Amino acid sequence: MSRSADFARALEIGRPPNIQRLFPHSRSLLVSGKVIDRAMLAKGKAMTMAANGRSHIVIRGALLAAQRADAALIIEIARSEGGAKAYCATNYWNMARQVDAVCNELSITVPVAIHADHYGIKKADDIPFARVEIPSLFDAGITSIAIDASHMRDDDNLLASMELARLLPSWAGYETEVGEIKGKHGLSTVAEALFMVQGLNAHGIFPDWIALNNGTTHGLEASDQGIQVERTMDIHAALAPYGVSGAQHGTSGNSSERLRAIAARTRTTKANVATALQMISWGVEVNDYGNALLDGNGDFIKVKGEGVTEELWEEMKAYAAKQGWKGGNYKSLNLVFENRIMGQPREVRERMAARVADFVHFMLVDVFNAAGSAQYALDVIIQAGSHDLGPKAGLMEQPEEWTEEKIRQRAANLDGDKGPQGSFDD
């Protein structure tokens, strides 16, 4: 079939039921996260960006870049950013509507997954609320989710994940996580990752991705450790029989060469990029690591004539100073200033989106090896004949060996260092 015929067929059969219900007349190809993962695996040595859509401008720029690169894409927001206590205007309940609208407006024809990243469970008391809220995310158009109970002990993480993963539609993408993202502290081990994946498998739960603490940090500052490629390779190799791909968190702070190694040498198919996109859209200068550059006073360097207007930037800085926000805390400006940003002249909004698009395109094509992956995603859908691709692996573990009692016994024997206690960003 021709590319146009492939797209038409994928549009007909590849959109999950919630997307069909919400957008019955849409020409945007919103798909399960499973589709994106399988497309990267089919291409080989490729991962795509999970672009953190903290603002409408970032969403537009990322979609423009994906179309130019002919790359399948993920748009995501984390619970801390777009949950019930959001600091971003984009949230779990409006992200799909924004993406669908932009795809139709700009004639975007690449497949896009809508991912609820870091749905954080930090204590057992969070679980009853999650039972109610998670189904609402899929009602609103989410097609993929990361249930992240990594803040808890390994046994509690597994047990919470087992309970909440049962709430997901069978067709939805599912990401699990072991180890909070703490840079060089609390690095994940093969044993911890196997414990999580094997325990889930024993209960008929088959994650598409696993996120690790493999040496990265969230936010602006580069870790002095960075991604440990060899450690990641070892963990992914151990998990290979279970069909689990890698989700790379905290890409900002790592050089392009290190990220190319993650794409080429590990089973990673999803790479989260957040803070860099925010800063680039505003017109802040960033380096190759995606880190915002600072002047001698420790302030961000705004490129004149790029991003927001100079007047609006001064307003943003003044507001941040009044709140006592510096560095990574600038992220809280997103919700406060989204409407002011959208109220700028069209040429300003377009240059903001174009700046994001240029950066995302570079990452997709020159770093992540995702160019051309859209066709692989179409092929995956057409070959399956459905929006539901099913799991990549079957039942391999014995349920009777993974009762709650035995899970707690196994966890007690895990030899891992979780690193220091504290509040680590999602």
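Here, each number is a calculation from the coordinates, and none is a lab measurement. A quick note: this is a predicted structure, and the numbers were derived from the prediction, not measured. A quick note on method: Cβ atoms are made from the backbone with ideal geometry, for glycine too, and the neighbour counts reach across all protein chains shown.
Kindly state, to the nearest 0.05, the FRET efficiency for residue 386 paired with residue 297, given R0 = 56 Å and r defined as their beta-carbon distance.
0.50
I want to check the label-to-label distance for residue 329 and residue 413. Put each point 7 Å from Cα in the C-beta direction and report it in nm to one decimal.
Simple spin-label model gives 4.7 nm for this pair.
Here is the link list: 45/270; 123/392; 122/322; 34/123; 85/122. Which ones come out longer than 20 Å on Cα distance?
From 45/270; 123/392; 122/322; 34/123; 85/122, over 20 Å: 123/392; 122/322; 34/123.
Trypsin sites (Lys or Arg not before Pro) within the range 288-325: which are DSSP loop residues with at most 11 other Cβ atoms inside 10 Å?
Those satisfying the criteria are 304.
Stretch residue 342-residue 265 to full length: gain in nm at 0.36 nm per residue minus the Cα-Cα span?
Value of the extension gain: 23.7 nm.
Once the Cβ-Cβ distance between residue 315 and residue 139 is put in as r, and R0 is 41 Å, what FRET efficiency do you end up with, to the nearest 0.05?
0.65
What list do you get for 102, 190 if you sort them by fewest beta carbons within 10 Å?
Lowest to highest Cβ neighbour count: 190, 102.
Rounded to the nearest 20 Debye, what is the dipole magnitude of the range 359-417 about its Cα centre when Lys and Arg each give +1 and Asp and Glu each give -1 at the C-beta?
160 debye
So, with +1 on the Cβ of K and R and -1 on the Cβ of D and E, and no other charges, what is the size of the charge dipole of the chain about its Cα centre, to the nearest 20 debye?
780 debye
Between 279, 233, 49, find the one with the highest GNM mean-square fluctuation for the chain; connect C-alpha pairs within less than 10 Å.
233
Determine, from the Cβ-Cβ distance of residue 403 and residue 42 and an R0 of 22 Å, the FRET efficiency 1/(1 + (r/R0)^6), rounded to the nearest 0.05.
0.05
Based on other C-beta atoms within 10 Å, arrange 378, 64 from fewest to most.
64, 378
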